[in-house]
Structure formats: structure tokens, C-alpha cells
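The values are calculated or read from the model by the stated rules, or taken from the named source; none is laboratory data. Note that this is a predicted model, so its numbers are computed, not measured. We place every Cβ from the backbone using ideal geometry, glycine too, and count neighbours over all the protein chains shown. When the accessible area is computed, the model is the full protein with side chains, heavy atoms only, and any ligands, DNA or RNA have been set aside. Shrake-Rupley method; radii C 1.70, N 1.55, O 1.52, S 1.80 Å.
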Amino acid sequence: QVRLVESGGGLVQPGGSLRLSCVASGPFRVIYDMGWYRQAPGKQRDMVASISWGGRTNYADSVKGRFTVSRDSAKNTVYLQMNSLKPEDTAVYYCNANVDLSAFVPPTDYWGQGTQVTVSA
């Protein structure tokens, strides 16, 4: 069973910073892309940032220059450093990983349980 466990969410004032972490565990061979999505109440889940196995990153326009995604492949962990936070960044943040389980099945996406980030004065 592949599990993704997020941590680091919380309440922060506008302009503040938070760092999210997500650790993957389970019987996989390789983790390809890892990333972060978020979902605000009444809205769809949107991609925030992703990082490939080779380290190529991709960001939503709304977070470019403020958020930084990184990974430690040896620890099966992906991070999201969030700076200059705005009230509109308030959402549940979900970790995503594209995982290679075996040579007999295609890579599969897994999700964490989500961590709440609230930006408010």
C-alpha cells in the first residue's frame, strides 16, 4: 500500500511563510513526478507546483516567484516552501506522486490526505 503523508499546514498571517512536507512510503520501485495541488471550498482541485524525477519544476502562474517545490529522492519526500502568502492561498493542500509499482502495471497516481493552509490576519 502506497501512502503519502503531508505535514506543515496551519494558520499564518498574510505575508508569512509555511513549509509543507510529504513523505511517500510503500512497495514502489520509482517515484516519477511529485507535486502539490490545492482545493479551496467550492472550487476544483488545481495544480500548484510539480517536480519531475530529474528535478524539472512547474508552477501555477499564481504562485510563481513565491512558492518553491523541491524533493529529496533518497527520502521519498517532496517539499513546498510558501513565502509571501496571501489570503487567496487558503486551501487544503494535497500531495501527489506518480509511482512505478512494477514492470507489469503503468505508473499510478497517489494522493495524500491533505493539509489545511489558512492565510488570515
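Does region 44-58 hold any residues that are at pLDDT below 95 and over 13 Å from Val78 (Cβ atoms), and which are they? Once the filter is applied, which keeps residues that are at pLDDT below 95 and over 13 Å from Val78 (Cβ atoms), region 44-58 yields only Gly54. Among the residues of region 58-76, those that are among the polar types (S, T, N, Q), surrounded by fewer than 18 Cβ atoms within 10 Å (Cβ to Cβ) and touching a residue at least 24 places away in the same chain (Cβ under 8 Å) comprise Ser62, Ser73. Trp36: touching a Phe, Trp or Tyr at 6+ places or on another chain (Cβ under 8 Å), in a loop (DSSP other than H, G, I, E, B) and of a type in the set (A, V, I, L, M, F, W, C), yes or no? No.
I want to confirm something. Restricting to region 26-46 and keeping residues that are closer than 13 Å to Asp109 by Cβ and open to solvent by 50 Å² or more (accessible area, probe 1.4 Å), which single residue is nearest to the chain's Cα centre (by Cα)?
Filtering region 26-46 for residues that are closer than 13 Å to Asp109 by Cβ and open to solvent by 50 Å² or more (accessible area, probe 1.4 Å), the one nearest to the chain's Cα centre (by Cα) comes out as Tyr37.
Of all residues in region 71-102, those being acidic (Asp, Glu), assigned to a strand (DSSP E or B) and modelled with pLDDT of 95 or more number 1.
Tell me which of these Gln1 doesn't satisfy, since it passes every other one: (1) modelled with pLDDT under 95; (2) more than 17 Å from Gly112 (Cβ to Cβ). Here Gln1 meets the rest and fails (2).
Is it the case that Asn98 is among the polar types (S, T, N, Q) and over 18 Å from Leu18 (Cβ atoms)? So Asn98 passes the test. Filtering region 77-91 to residues that are in contact with a strand residue (DSSP E or B) (Cβ under 8 Å, 6 or more places away or on another chain) and either surrounded by 14 or more Cβ atoms within 10 Å (Cβ to Cβ) or closer than 18 Å to Arg19 by Cβ (or both) leaves Thr77, Val78, Tyr79, Leu80, Gln81, Met82, Asn83, Leu85, Lys86, Asp89, Thr90, Ala91. Take the conditions (1) touching a Pro at 6+ places or on another chain (Cβ under 8 Å); (2) part of a loop (DSSP other than H, G, I, E, B); (3) open to solvent by less than 60 Å² (accessible area, probe 1.4 Å); Gly15 misses just one of them, which is (1). Which condition breaks for Tyr94 when tested against (1) without any contact (Cβ under 8 Å) to a residue 60 or more places away in the chain; (2) open to solvent by less than 70 Å² (accessible area, probe 1.4 Å)? Looking at each condition in turn, Tyr94 falls short on (1). In region 1-17, the residues that are touching a residue at least 40 places away in the same chain (Cβ under 8 Å) form Cβ pairs under 7 Å with partners that are loosely packed, with under 11 Cβ neighbours inside 10 Å and not β-branched (Val, Ile, Thr), at six or more places apart or across chains, as follows: Leu11/Ser120; Gln13/Ala121; Pro14/Ala121.
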